[in-house]
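Asks: Sharing a structure, written as structure tokens. Questions coming.
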Amino acid sequence: MRFIPIYCFILLISSQALAQKLTLNVGNQLDYCVAQLKKELPQQTDYTKEPRRIPAGQKSWNTVSVTDWTSGFWPGTLWYSYEYTKDPALKAKAEGFTKSLATVLDKPVLDHDLGFQFYCSYGNGYRLTQNPAYKKTLLRAADSLATLFNPNVGTILSWPRPVPNMEWPQHNTIMDNMINLELLFWASKNGGSKKLYDIAVSHAMTTMKNHFRPDWTSYHVVVYDRKTGRKIKGVTHQGYSDESMWARGQAWAIYGFTMSYRESGKKEFLETAQKTADVFIKNLPADHIPYWDFNAPGVDSPGVDSPDIPNAPRDASAAAVVSSALLELSTLTKDKSLQTKYRAEAEAMLTSLSSASYQSHDVNNAFLLHSTGHKPNNSEIDVSINYADYYYIEALLRLKRLQEGKRL
Ligand code: GLY
């Protein structure tokens, strides 16, 4: 009997030690991100080229032109780093890489990606500096994006060009497009036309009705008759199959409907965000980082050398997007058990992303390893990619605010 209290004491101490080990130190992770960025900055001196990916074996980022769909993430990451550090050198870099994007608006609109490009760069820049020139550019970008809206369908045309399997010139809408609505919501409240709000709500409503299967997994793309608005088919472009749950597509859905609920207050968007999050969380592997597609083939016989699940490539970018979205969702849902569930899952994902298995450290100058861009095209498989880093630092900053008792 004398030994029981001692035993309990040891148990208490060791469980406290374990809890401490498992608790994410957000400040340390943000410091790590800034240190990685500072290693890279001397290599990035040309503002007209935006870092996009680091392939295996390389230390430094490969760049792309400002017209690339990912061009806003690097300046956005710099803005987040400036927000954390208040370092004027990071601000100067953020300004330089942001300004060069403006030329994108001098040409006819390429596609729906204007939201990714401008809201991540100019949007964060405006939020942090209130520079009126940034506001002007954001309003221009929103008007340009709105020209792709087709009222017969009720959504934005994501790819205004022939893309395989999209029955061009019929109308296509991809789940990723949900993220670009944030630019329209913002513009409608900041001097732009109120029609931009209506377009964003119509796009989200139509997507909600047509992009989900009964189990709330999503189609990557829906093709519509451009004159009648009839749904022709749901297909994939970057996923494993038309009926599979492509990890990043589902991540865009969770993030996009969470944001659309925040901006519109429409309950059906909150329910959609919750249902899409629940099916994503339920099917995650033990380390909380999804395979590139939840329905990619699995190995039939364990131990066999195979590229299939559990050896299939992960997509750290999908986990980064979802961790950021879940932090916000945990503050929007009224259900206490869901608040706890989403916050805990976001922290579990961020803890896993912040482990030695996913952080880059000396491997390269990115924050994170192991993202997958376009597996069916055999491109950007198991690489570092700028949008993984962008949503990772966004999520860390969101968690920091929540830990400090602040609103997002
Ligand atoms: N928006 C393209 C992608 O998520 O890969």
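Asks: GluC sites (Glu not before Pro), restricted to the stretch 326-408: which are DSSP loop and have at most 10 other Cβ atoms within 10 Å?
Replies: Listed in order of number, the matching sites are GLU404.
Asks: Please return the longest stretch of the chain lacking exposed loop sites, where trypsin sites (Lys or Arg not before Pro) count only if DSSP places them in a loop and at most 16 other Cβ atoms lie within 10 Å.
Replies: Answer - 87-193.
Asks: Please identify, among SER354, SER324, SER306, the residue showing maximal mean-square fluctuation in a Gaussian network model of the chain using a 10 angstrom Cα cutoff.
Replies: Of SER354, SER324, SER306, the most mobile in the Gaussian network model is SER306.
Asks: Right, next: Please compute the modelled spin-label separation between ALA356 and ALA56, points set 7 Å along Cα→Cβ, answer in nm with one decimal.
Replies: Result: 2.1 nm between the two label points.
Asks: Next up: At 7 Å along Cα-to-Cβ for each site, give me the label-to-label distance between LYS227 and LYS406 in nm.
Replies: So the two model labels end up 5.4 nm from each other.
Asks: Using θ = phi - 60° and the Karplus form 6.51 cos²θ - 1.76 cosθ + 1.60, what ³J(HN,Hα) does each residue of the stretch 362-368 get, whole Hz, x for Gly and Pro?
Replies: 7, 5, 7, 8, 6, 7, 10
Asks: Now, a different point. Can you give me the angle between helix 3-22 and the longest principal axis of the chain, using Cα atoms only, in degrees from 0 to 90, rounded to the nearest 10?
Replies: 30 degrees
Asks: Relative to the Cα centre, what is the charge dipole magnitude of the stretch 345-399, using +1 at the beta carbon of each Lys and Arg, -1 at the beta carbon of each Asp and Glu, and rounding to the nearest 20 debye?
Replies: 80 debye
Asks: Please arrange ASP305, ASP293 by counting, for each residue, the other beta carbons lying within 10 Å of its beta carbon, fewest first.
Replies: Ordered from fewest to most neighbouring Cβ atoms within 10 Å, ASP305, ASP293 come out as ASP305, ASP293.
Asks: Now for a different question. Helix 132-146 against the longest principal axis of the chain: what's the angle in degrees, Cα atoms only, rounded to the nearest 10?
Replies: 70 degrees
Asks: I need the phi-derived Karplus couplings for the stretch 252-264: 6.51 cos²θ - 1.76 cosθ + 1.60, θ = phi - 60°, integer Hz, Gly and Pro marked x.
Replies: Karplus-based 3J(HN,Hα) across the stretch 252-264 equals 4, 5, 5, 5, x, 6, 4, 5, 5, 5, 4, 7, 10 Hz.
Asks: Follow-up. Specify the residue with the greatest mean-square fluctuation among VAL109, VAL383, VAL299, computed from a Gaussian network of the chain linking alpha-carbon atoms under 10 Å apart.
Replies: Sorting by GNM fluctuation, first place goes to VAL299.
Asks: Can you sort TYR358, TYR197 so the residue with the fewest Cβ neighbours within 10 Å comes first?
Replies: TYR197, TYR358
Asks: Which chymotrypsin sites (Phe, Trp or Tyr not before Pro) does the stretch 32-96 hold that lie in a coil by DSSP with at most 16 other beta carbons within 10 Å?
Replies: For chymotrypsin sites (Phe, Trp or Tyr not before Pro) across the stretch 32-96 that sit outside H, G, I, E and B with at most 16 neighbouring Cβ atoms in 10 Å, the list reads TYR47.
Asks: Set the bar at 21 Å for Cα to Cα. Now go through LYS136/LYS195; LYS38/LYS135; LYS209/LYS336 and name every pair that lies beyond it.
Replies: Listed pairs above 21 Å: LYS38/LYS135; LYS209/LYS336.
Asks: Still on this structure: So what's the angle, to the nearest 10 degrees on a 0 to 90 scale, between helix 267-282 and the longest Cα principal axis of the chain?
Replies: With rounding to tens, the tilt is 50 degrees.
Asks: Taking other Cβ within 10 Å of each residue's Cβ, how do VAL34, VAL235 sort, fewest first?
Replies: VAL34, VAL235
Asks: Also: With a 10 Å cut-off between alpha carbons and a GNM built on the chain, which of THR98, THR173, THR340 moves the most?
Replies: Result: THR340 has the largest fluctuation of those listed.
Asks: Using only DSSP helix segments of four residues or longer, with each worth -39500 (n - 2.57), what per-residue ellipticity at 222 nm results for the chain after dividing by its residue count and rounding to 500?
Replies: Counting only the DSSP helices, I get -15500 deg cm²/dmol.
A short reminder: the numbers here are calculations on the coordinates, not readings from a lab. Everything numeric in this text was worked out from a predicted model, so none of it was measured. All Cβ positions, even for glycine, are placed from backbone atoms using ideal geometry, and neighbour counts span all protein chains on display.
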